[in-house]
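Input: a single structure, listed below in structure tokens.
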Amino acid sequence: RVRQVRQVRSGTQVQCGPGVLGYADVQVCRCAEMRWSDSMQRRMLLVAIALSVGSIGAAQSPTLALQLPGLGQPVEIVRDRWGISHIYAQNEADLFFAQGYSAAKDRLFQLELWRRQATGTVAEVLGRRALSRDIGSRLHKFRGDLDAELNHYHPHGKQIIEAFTRGVNAYIAETDKNPSLLPIEFRVLGIKPGPWTPDVVISRHGALTSNVTDEVSFARALKVARVDQVRELLYFQGGEPMFTLDPSIDIKLFPDSVLERYSAFRSAIDFRPADVTLELRAASANLESVASEENPLDIGSNNWVLAGSRTQSTHPLLANDPHRTIASPSLRYWVHLVAPGWNVIGAGEPEIPGVSIGHNEQGAWGLTVFGSDSEDLYVYDTNPANGNEYRYQGAWEAMRVVSDTIPIKGEKPEPVQLKYTRHGPVLLEDRANHKAYALRAAWLEPGGAPYLASLRMDQAKTWQEFRDACSYSRMPAENMIWADRQGSIGWQAVGIQPLRRGWSGLLPVPGDGRFEWSGFLPITDLPHETNPARGFIATANNYLFPNDYQPKEAVHFLWADPYRVSRITEVLGSGRLFSVAEMARLQNDELSLPARALVPLLHDVSLPSGPAARAREALRSWDFVLDKDSVAAGIYEMWQRRVIANVRQRLVPSSIQRLANQLSLKRVIDALYAPDGRFGERPTEARDALLALSLDEAVAELTKRFGDDMQKWTYGQERYHHALIAHPLGAAVNPELRAKLNVGPLPRGGDGSTINATGNNDNQTSGGSFKFVMDTDDWDNSIGMNTPGQSGNPDDAHYRDLFELWARGKYFTAAYTRKKVDGVKESVTTLEPARSSSQR
């Protein structure tokens, strides 16, 4: 602007419009070259300055109009400066069409990966190594009444989901006409996006399910260890469940590979250099990837809700930070949906219409994972004369066989047979021993698509309406919390819960008819609470069934360690009055309760003078906060890792150590406070020796990494605790492109047991990528975060712009009212119905 003003003063030719101001909504004019008088120059200078200053608002909101087939009426999409789309439509169908369009524009490659995983077409890109994945995807496909399934999630579910997929396909059609719109990943892989259907939206491959992987791990452990040895390692809550294999199951025949297809279709896609175009390929196929699978012990979340009696404003506050894989693009996708009957803001996943966590005009809600067992592995005897028959209630019963064909890159399509028993998909056949193994999964029942029942929650106005909406939420099992402007707060556990009469579901069972589910528990019979006298509700994947809960058949037994919820309760129960600012501070709290328990055990341990003794002195004066800049936090975290490893070595029989990679930290601390014969003849002395050895090992590792100067042992640094967010293609491409796709690193504090959950490894690969604090007193006072950005396109300014905010625990404004939205807008896009040729 300064340069253009100088041009005006000198009397040279000036082009107004995008060439001067850079905004598409400014009229273009050309001024003929002329010589001006001094007075004219001064007047024009003032005009130019006024235009420049007055257009600052316009600089934040360039406008674009597009004509799209499939729309009924115009839709306005206001994008704010953090990349969030605020969608204003005149009817419901257009609203969700625009949500699908916006999601595809922001996350097209992410949506394409989802579509291929859902449809079992990954081998078309990766070749034969993805065949097992595609078989698994098709094997676990929902095969019921599609219309009934779509309408389970909302009375208009079919219309909403179809409108959403039309919007996705509308943007894909734009990329067909203009391939330059495709993000770089499509060129890297040499592929194009495929069309979306409602089947893709209701696919189950991304659901948080349980617990067939536990059943298989326990069964494999029982092949080499006694029942009591395995059982004492598990942290059961909710009673003493049955933990005995049925005698008809020969554990020696149990195959280690039984979950190969199940695990393959649920795992992240593993791209390799050979999958990408030659000029962008990584030089080595042995590059270490920073991507990781979701660790079941790190999947969780925190949420809490405060009654008005506990807040400074006298109105409820609600906070939520779900913990999932930290990925690029982000798992979470913010959106604001406004149309008659709809005004909801928050986040879900980009492939799902609606908002899973957020608020509307009357209420706010959030979620965390609730303990549930929705899976069982059945073991069958098969007919030696016909392998497609299995024994059920004393007779041979035929499997249902579905023939399919899977495309494979560079090869002919592969014909496959998908087999099903009355209980579900057959995961493995052992023809030699006449056995078959099938999965019964409650998430394959109608209504099992993850998070889609949020569509009903998005329109709830009262606690009772919200509970009614929760009764449709079958997957995943969640703790739903609520706060409304009338002052009510509440909690309702949700999820489809099978009832097992006389067995626990912790181990595989025979499929002969003796171990059947006795229906499902009504969702509103799961634990719930309304307006408790203590003034708050908090959940963090901890044990939440009342001890006298009935029916006992619905109780789950494996839960997260209690440290996060204990710390939340400690703060919220302090008697203070809270604000949005204090909720943000609590979401990023890094005080470690395990450290507060473990460090005192080290105080009286005999240590020779030297580095270990100096390290202990640092811990003695420490405040137990795992701050990224803290030397004591760096010492503690490495010591904790060695303590856990050494306790595991003592407690876990050598025969099953490979199957017990992680122990409950609660179990570790309990064992250290009450050492027994597993530590040796003199348990207390042996415990102390273990603590000293662990400190020596921690100091040796820190010295190896960072040198002898203890002041350089800070916790948050690139070679220690940090966040480097991996793109799925990051390890497969050359260094230049990898730097563009991956995000980070930046230092992190906390660990897997702090409220700010950042995991227990050097690189944070899971935790709270999305956080939201909602203020029922003033929705515009709500704040949020996401990482690394709203966009999934590496060339977009919003691809990584939120990463540093997130890493520092900082928030952006979750603008809600139109006035607030307009105050932070960056651009405006108008979607208009396509005109017919006669109209044109």
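The values are calculated or read from the model by the stated rules, or taken from the named source; none is laboratory data. Since the structure is predicted, the reported quantities are computational estimates derived from the model, not experimental observations. Glycine also receives a Cβ, built like all others from the backbone with ideal geometry; neighbour counts cover every protein chain displayed. SASA here: full protein model, heavy atoms, side chains in, ligands and nucleic acids out. Shrake-Rupley method; radii C 1.70, N 1.55, O 1.52, S 1.80 Å.
A few notes on this one:
- The C-beta contact set for region 718-746 (first residue on the phi > 0 side of the Ramachandran plot and in a strand (DSSP E or B), second residue aromatic (F, W, Y) and at pLDDT below 95, distance under 7 angstrom, 6+ apart or interchain) is empty.
- Among residues of region 245-274 that are within 26 Å of A207 (Cβ to Cβ) and open to solvent by less than 60 Å² (accessible area, probe 1.4 Å), those with a Cβ under 7 angstrom from a residue that is aliphatic (A, V, I, L, M) and in a loop (DSSP other than H, G, I, E, B), sequence gap 6+ or separate chain, pair up as A268/A291; I269/V122; F271/L729.
- Single unsatisfied condition, A225 versus (1) within 29 Å of the chain's Cα centre (by Cα); (2) open to solvent by less than 30 Å² (accessible area, probe 1.4 Å); (3) hydrophobic (A, V, I, L, M, F, W, C); (4) farther than 29 Å from I135 by Cβ: (1)
- Checking P527, P546 one by one, the residue that is free of Cβ contacts under 8 Å to residues at least 24 places away in the same chain, at negative phi and touching a Pro at 6+ places or on another chain (Cβ under 8 Å) is P546 and no other.
- Of all residues in region 577-596, those that are free of Cβ contacts under 8 Å to residues at least 24 places away in the same chain and either open to solvent by 60 Å² or more (accessible area, probe 1.4 Å) or outside any helix (DSSP H, G or I) (or both) total 2.
- Residue, surrounded by the most Cβ atoms within 10 Å (Cβ to Cβ), within region 552-575, restricted to residues that are touching a strand residue (DSSP E or B) at 6+ places or on another chain (Cβ under 8 Å), touching a residue at least 40 places away in the same chain (Cβ under 8 Å) and assigned to a loop (DSSP other than H, G, I, E, B): A560
- Per the conditions (1) farther than 30 Å from H798 by Cβ; (2) surrounded by fewer than 18 Cβ atoms within 10 Å (Cβ to Cβ), the sole criterion not satisfied by E361 is (1).
- Answer from Q67, Q99 - the residue that is modelled with pLDDT of 95 or more, out of contact with any Lys or Arg (no Cβ under 6 Å at 6 or more places or on another chain) and among the polar types (S, T, N, Q): Q99
- Just one of the listed residues (V224, V200) is in contact with a Lys or Arg (Cβ under 9 Å, 6 or more places away or on another chain), among the β-branched types (V, I, T) and either in contact (Cβ under 8 Å) with a residue 60 or more places away in the chain or at positive phi (or both), namely V200.
- Which listed residue is farther than 26 Å from K771 by Cα and either surrounded by 14 or more Cβ atoms within 10 Å (Cβ to Cβ) or more than 25 Å from the chain's Cα centre (by Cα) (or both), from N542, N531, N547: N547
- Against the list (1) in a loop (DSSP other than H, G, I, E, B); (2) at pLDDT below 90, the condition D256 fails is (2).
- Considered as a group, the residues in region 519-528 that are touching a helix residue (DSSP H, G or I) at 6+ places or on another chain (Cβ under 8 Å) and under 27 Å from S664 (Cα atoms) include one that is least open to solvent (accessible area, probe 1.4 Å), and that residue is L526.
- Whether a residue is touching a residue at least 24 places away in the same chain (Cβ under 8 Å) and either under 30 Å from R138 (Cβ atoms) or crowded, with 19+ Cβ neighbours inside 10 Å (or both) was assessed, and S471 does not pass this test.
- Residue match in region 323-331 (condition: in contact with an Asp or Glu (Cβ under 6 Å, 6 or more places away or on another chain), small (G, A, S) and at pLDDT 95 or above): no
- If you go through region 404-420 and keep only what is of a type outside the set (D, E, K, R) and either in a strand (DSSP E or B) or touching a residue at least 12 places away in the same chain (Cβ under 8 Å) (or both), you end up with T405, I406, P407, I408, G410, P415, V416, Q417, L418, Y420.
- For region 474-492, filtered to residues that are surrounded by fewer than 24 Cβ atoms within 10 Å (Cβ to Cβ) and of a type in the set (S, T, N, Q), the residue that is farthest from the chain's Cα centre (by Cα) is Q486.
- D777 meets the conditions (1) open to solvent by less than 10 Å² (accessible area, probe 1.4 Å); (2) at pLDDT 95 or above; (3) not basic (K, R) in every case but one. The failed one is (1).
- Residues that are closer than 26 Å to W806 by Cβ and without any contact (Cβ under 8 Å) to a residue 60 or more places away in the chain are absent from region 689-703 altogether.
- Residue in region 642-656 that is farther than 15 Å from A700 by Cα, in a helix (DSSP H, G or I), touching a strand residue (DSSP E or B) at 6+ places or on another chain (Cβ under 8 Å) and not β-branched (V, I, T) present: no
- Residue match in region 515-528 (condition: at pLDDT 95 or above, more than 23 Å from S471 (Cβ to Cβ) and assigned to a strand (DSSP E or B)): no
- Taken together, the criteria exclude S694 from residues that are at pLDDT below 95 and hydroxyl-bearing (S, T, Y).
- Residue in region 508-518 that is open to solvent by 10 Å² or more (accessible area, probe 1.4 Å) and farther than 30 Å from V426 by Cβ present: no
To keep it simple, each residue is scored yes or no on (1) of a type in the set (D, E, K, R); (2) open to solvent by 20 Å² or more (accessible area, probe 1.4 Å); (3) more than 35 Å from the chain's Cα centre (by Cα).
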site: D688; (1), (2), (3): yes, yes, yes
site: D696; (1), (2), (3): yes, yes, yes
site: T714; (1), (2), (3): no, yes, no
site: P745; (1), (2), (3): no, yes, no
site: G750; (1), (2), (3): no, no, no
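- Members of region 781-828 found to be open to solvent by less than 20 Å² (accessible area, probe 1.4 Å), out of contact with any His (no Cβ under 8 Å at 6 or more places or on another chain) and polar (S, T, N, Q), listed by number: N786, T787
- Considering region 77-98, the residues that are closer than 17 Å to P329 by Cβ and out of contact with any Phe, Trp or Tyr (no Cβ under 6 Å at 6 or more places or on another chain) include one that is most open to solvent (accessible area, probe 1.4 Å), namely R79.
- Residue within region 203-211 that is in contact with a helix residue (DSSP H, G or I) (Cβ under 7 Å, 6 or more places away or on another chain), open to solvent by less than 20 Å² (accessible area, probe 1.4 Å) and part of a helix (DSSP H, G or I) present: no
- Residue in region 381-403 that is nearest to the chain's Cα centre (by Cα), counting only those that are loosely packed, with under 14 Cβ neighbours inside 10 Å and in a loop (DSSP other than H, G, I, E, B): Q393
- Considering only residues in region 136-171 that are over 15 Å from L337 (Cβ atoms) and β-branched (V, I, T), the one that is surrounded by the most Cβ atoms within 10 Å (Cβ to Cβ) turns out to be V168.
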